[in-house]
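Working notes, structure below.
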Amino acid sequence: MLTFKDEILQGIPKHLPPKVAYDASVSHAPKRKDILSKEEKKLAIKNALRYFPMDWHVELGKEFLQELVQFGRIYMHRFRPSYTMYARPIADYPGESLQARSVMLMIQNNLDPAIAQHPHELITYGGNGAVFQNWAQYVLTMQYLAQMTDNQTLHMYSGHPMGLFPSSKDAPRVVITNGMMIPNYSRPDDWEKYNALGVTQYGQMTAGSYMYIGPQGIVHGTTITVMNAFRKQLSKEESIHGKVFLTSGLGGMSGAQPKAGNIAGCITVCAEVNPAAARKRYEQGWVDVLIENMDELITVVRQAIEDKQIVAIAYIGNIIEVWESFLHADIQITVGSDQTSLHNPWAGGYYPIGLTFEESNVLMAEKTGAI
């Protein structure tokens, strides 16, 4: 069995690895829209097969078509590494360049299941903020980084490693671009189409540039925002203690909100439709209490108001349900907000009231024309 360093150095394996089982223990990206024509699907598969020996094309071609049908994307799950994904000490990485090994550490941090929103789809945060489009790109990029010297630069184009180029010690070790689209062809469906074709990806600010540090990166700014929002709503004589901050979103960045509420000193109620995301933030300590029942939520919030508690509560459900229920229960909300993926409203950013999380994911993939 290969060691961690050996697996990095081999890149695309010499022998076709066995299929990997679908892991239900991690949060998965919703199925993307079936947006490609028959000819475009052939092109998407052709684009995916460029990474592999011709001998594998028949078997992988069928498999990649199945992924397109099942997920709306070709992720190449078969090539997901066998080792555990997390940021190791820098000495554990192979390579001549310390800077390159640092980048390898950052990439693995972005894809750590404890950190990434949809780790097996290589999405770190924001619903579609991708580190790579597929696992072949990850494997090749890590191999390049392990091979490069301080006189080379790796060029990355939307997850695709274009190769190592001569440079100098003063040059960047990696030059990255993501999501390059012509303005006249940059509507949401254009993004979906060209992502499905395997020619572009949306890297967000820190997913595709390997720099994601999670909710902690915005706790300071979120705290200031929450405090200033309360200052605008409360008189100088009123205390923030016992006042309710109602918001939504506990995905990649949104865990900052309940922590900011605790620092500010209020009662935070944060709704999240994805149970896996809510439980992850609870287990990581970003929220203090996890509730799935509306009657229990109302009881807990009423008691927190009476006792002027400082507490962060996660509610698994739709934020609209909370607003309506709090209105009927006569629970005063002083500050309202949300921190969901506004840039990605139709593919995981927002979920309609009256549908389950699973039903909404089906709607996004198959019935978007009805929206």
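Could you tell me whether any residue of the stretch 21-44 is more than 30 Å from LEU363 (Cα to Cα) and surrounded by fewer than 19 Cβ atoms within 10 Å (Cβ to Cβ)? Checked the stretch 21-44: no residue is more than 30 Å from LEU363 (Cα to Cα) and surrounded by fewer than 19 Cβ atoms within 10 Å (Cβ to Cβ). Being in a loop (DSSP other than H, G, I, E, B), open to solvent by 80 Å² or more (accessible area, probe 1.4 Å) and at pLDDT below 95 is the requirement here; does SER82 meet it? Yes.
For (1) under 30 Å from GLU358 (Cβ atoms); (2) at pLDDT 95 or above; (3) β-branched (Val, Ile, Thr); (4) open to solvent by 20 Å² or more (accessible area, probe 1.4 Å), each residue gets a yes or a no:
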| residue | (1), (2), (3), (4) |
| --- | --- |
| ASP92 | no, yes, no, yes |
| ALA100 | no, yes, no, no |
| ALA116 | yes, no, no, no |
| ASN128 | yes, no, no, yes |
| GLN147 | no, yes, no, yes |
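In the stretch 263-281, the qualifying residues are those that are at pLDDT 95 or above and open to solvent by 10 Å² or more (accessible area, probe 1.4 Å), and the one that is nearest to ASP112 (Cα to Cα) is ILE263.
Exactly one residue out of GLU358, GLU296 is free of Cβ contacts under 8 Å to residues at least 12 places away in the same chain and more than 23 Å from the chain's Cα centre (by Cα), and it is GLU296. Taken over the stretch 45-79, the criterion of being part of a loop (DSSP other than H, G, I, E, B), open to solvent by 20 Å² or more (accessible area, probe 1.4 Å) and more than 19 Å from HIS120 (Cβ to Cβ) is satisfied by ARG50, PRO53.
Return yes or no: is ASP6 open to solvent by 100 Å² or more (accessible area, probe 1.4 Å) and either part of a helix (DSSP H, G or I) or modelled with pLDDT of 95 or more (or both)? Against the criterion (open to solvent by 100 Å² or more (accessible area, probe 1.4 Å) and either part of a helix (DSSP H, G or I) or modelled with pLDDT of 95 or more (or both)), ASP6 does not qualify. For the structure I just gave you, tell me whether LYS14 is open to solvent by 30 Å² or more (accessible area, probe 1.4 Å), of a type in the set (D, E, K, R) and either touching a strand residue (DSSP E or B) at 6+ places or on another chain (Cβ under 6 Å) or closer than 25 Å to PRO94 by Cα (or both). So LYS14 passes the test.
The values are calculated or read from the model by the stated rules, or taken from the named source; none is laboratory data. This is a predicted model, so every value here is computed, not measured. Positions of Cβ are generated from backbone atoms using ideal geometry, with glycine treated the same way; all protein chains shown enter the neighbour counts. Each accessible area value is taken on the protein alone, full model and side chains, heavy atoms only, with ligands, DNA and RNA left out. Shrake-Rupley method; radii C 1.70, N 1.55, O 1.52, S 1.80 Å.
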